[in-house]
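The values are calculated or read from the model by the stated rules, or taken from the named source; none is laboratory data. Treat the numbers as computed from the prediction; the structure is a model and nothing was measured. We place every Cβ from the backbone using ideal geometry, glycine too, and count neighbours over all the protein chains shown.
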Amino acid sequence: MSGGSRDSYCKRASERSRSYYSGDAAARSRAQDQRRRDNEAARARIRRDPPRQHHRPQRDESEVLDQSAVKRRITRPAPGVTSVDVFIIDNTASNRQISMHIKASTGWLTSTLDTMTPKSQMAFLFWSDHEHTERDATMREDIDFAFPNKEGAKTIYSTAKSIRCPTYGNDHPEAFECALKAACEIDFGPDVVEKHLYLISDEVAHGMNSPMTDRGCPRRVNWRDSLASVHKTFDTFEVIGVAARRATAECQRQFIAEDRLKYDFIDLSHLSLKHRQGLVMNTLLFLVARHQGLQSVGFFLQLLHDKWLSDPDPSFGRDTASFAKKRILEFKKYLEGDEREIDKIFEAIFV
Ligand SMILES: [Zn+2]
C-alpha cells in the first residue's frame, strides 16, 4: 500500500476532489464514467496478473526523506490553525508490524489529508510502556505538529523513519494512562478550536483489568482520570483496536463510553495481521474523513477503493476486488446520519 509516490497520490486525489465536489452534474458524471473505465481495466489486470506476495516495489524516498525536516518534540500548532488531529500510536514490540506499516504509509496519509484537511495540522505520539525498573523511563517519541503538505510530509516521514521500536516493558498493558494524559497536556495555543484524538493499539492501559500480567503504572496515573481529561480536552476520541487476542480486544472497549462504542471503537482484531496492516492507516483516514461529514467519507472511500484496484496490496492477491468491496462496506456501520444518503454514497463508490 505504500508503493506509490506521494506526488502521484496527491495528483490523483486533487483531480478527484475537483470532480467529486464540482457543482456541474455533467462533470461529475463524466468523472464517474472515467472511474468505471479505469476500474474495469484494473480488475482485468488483476485477473490476468494477480499481485504477488513478497513483490512490493521499493519506494523512492528522495521526495520525502530530509534529515533537516526531522522534528522530534511536540511544540504547538502553527498560528491560525484551528483544527488538529493527534495520533497516539502503540510503538511496542508486539505492535511492531503495525507501527512500522504506519511509518511506511505516511505518503498516502499526507497526500489524502492534503486534499481533505489541508489547513489542519497533525501530531504523533509513538508510545510504549514504562520500563518497570528503577530507572522507570517511558519510551516516548513524538512527531511535531505538521501540515499534510509537501514540507509536512517530509517532517512526518523523516521523523517517523528515525523512531525506534523499544523491546522493554515486561507486562502486557502499555502506558496509555500516561499517553492520554500527555496528549491533554499539549500546548494547543490560542487558535485551535477543534481537536481530535486517536489511539491505535493492540493493548490496554495499566489498571484496565487486562487478562494478562499487569504491573501497574509506576507513576500511579489512573486511566479513568486520563480519560476524563481526554473528554474535557478533545472533541472526539476514537480507538482502532488491532489486538491479536479476543480477550484484549474486549478489554479495549473500556476506552470508549457505552453510548459511543459502536461508532468510536473500530476493532480489527478479527482480521489476520496482514489485513490489519492493510487497513489500519485507512481506518485512521476514514475517521478523519468522518469528522468532515458524509460527503468526505464518500470521497475518501472512492479514492481508497480505486487505489486498492490500481495499486493492489500483494496480501489481497487475486481477490483484491472483492476484498476491497467487502472491507469498504464494513465502514458503513460506523456512520451516523440519514440512511438513504449513506446508501447513495456507498452505491457511488463501487463502479
Ligand atoms: Zn503510566
Handout entry: Positions within region 256-277 being assigned to a helix (DSSP H, G or I) and over 11 Å from the mean Cα position of the chain (by Cα), in sequence order
Key = Glu258, Asp259, Arg260, Leu261, Lys262, Tyr263, Asp264, Leu273, Lys274, His275, Arg276
Fill in the blank from the handout: Okay, helices (runs of 4 or more DSSP H) sitting entirely in region 1-120 with 3 or more residues that are farther than 18 Å from Gly278 by Cα and touching a Ser or Thr at 6+ places or on another chain (Cβ under 6 Å), I get 6-20, 25-48
Fill in the blank from the handout: Trp308 meets each of (1) touching a Ser or Thr at 6+ places or on another chain (Cβ under 8 Å); (2) over 24 Å from Ser19 (Cα atoms); (3) aromatic (Phe, Trp, Tyr) with one exception, condition (2)
Problem - Candidate set: region 118-136, residues that are in contact with a strand residue (DSSP E or B) (Cβ under 9 Å, 6 or more places away or on another chain) and more than 12 Å from the ligand (Cβ to nearest atom); chosen: the one modelled with the lowest pLDDT - result: Phe126
Practice task
Return a yes/no flag: does region 192-202 have any residue that is over 30 Å from Val81 (Cβ atoms) and buried (at least 21 other Cβ atoms within 10 Å of the Cβ).
Solution key: yes
Exercise for the section: State yes or no: is Val280 aliphatic (A, V, I, L, M), touching a helix residue (DSSP H, G or I) at 6+ places or on another chain (Cβ under 9 Å) and at pLDDT 95 or above? Expected result: no
Fill in the blank from the handout: Taking region 182-235 and keeping only residues that are part of a loop (DSSP other than H, G, I, E, B), within 14 Å of the ligand (Cβ to nearest atom) and free of Cβ contacts under 8 Å to residues at least 24 places away in the same chain, one is left with Glu185, Gly216, Arg220
Exercise for the section: Would you check if Ala179 is more than 19 Å from the chain's Cα centre (by Cα), near the ligand (Cβ under 10 Å from one of its atoms) and either of a type in the set (A, V, I, L, M, F, W, C) or at pLDDT below 95 (or both)? Expected result: no
Practice task
Give me a count of the residues in region 208-228 that are surrounded by 16 or more Cβ atoms within 10 Å (Cβ to Cβ) and in contact with a Lys or Arg (Cβ under 8 Å, 6 or more places away or on another chain).
Solution key: 2
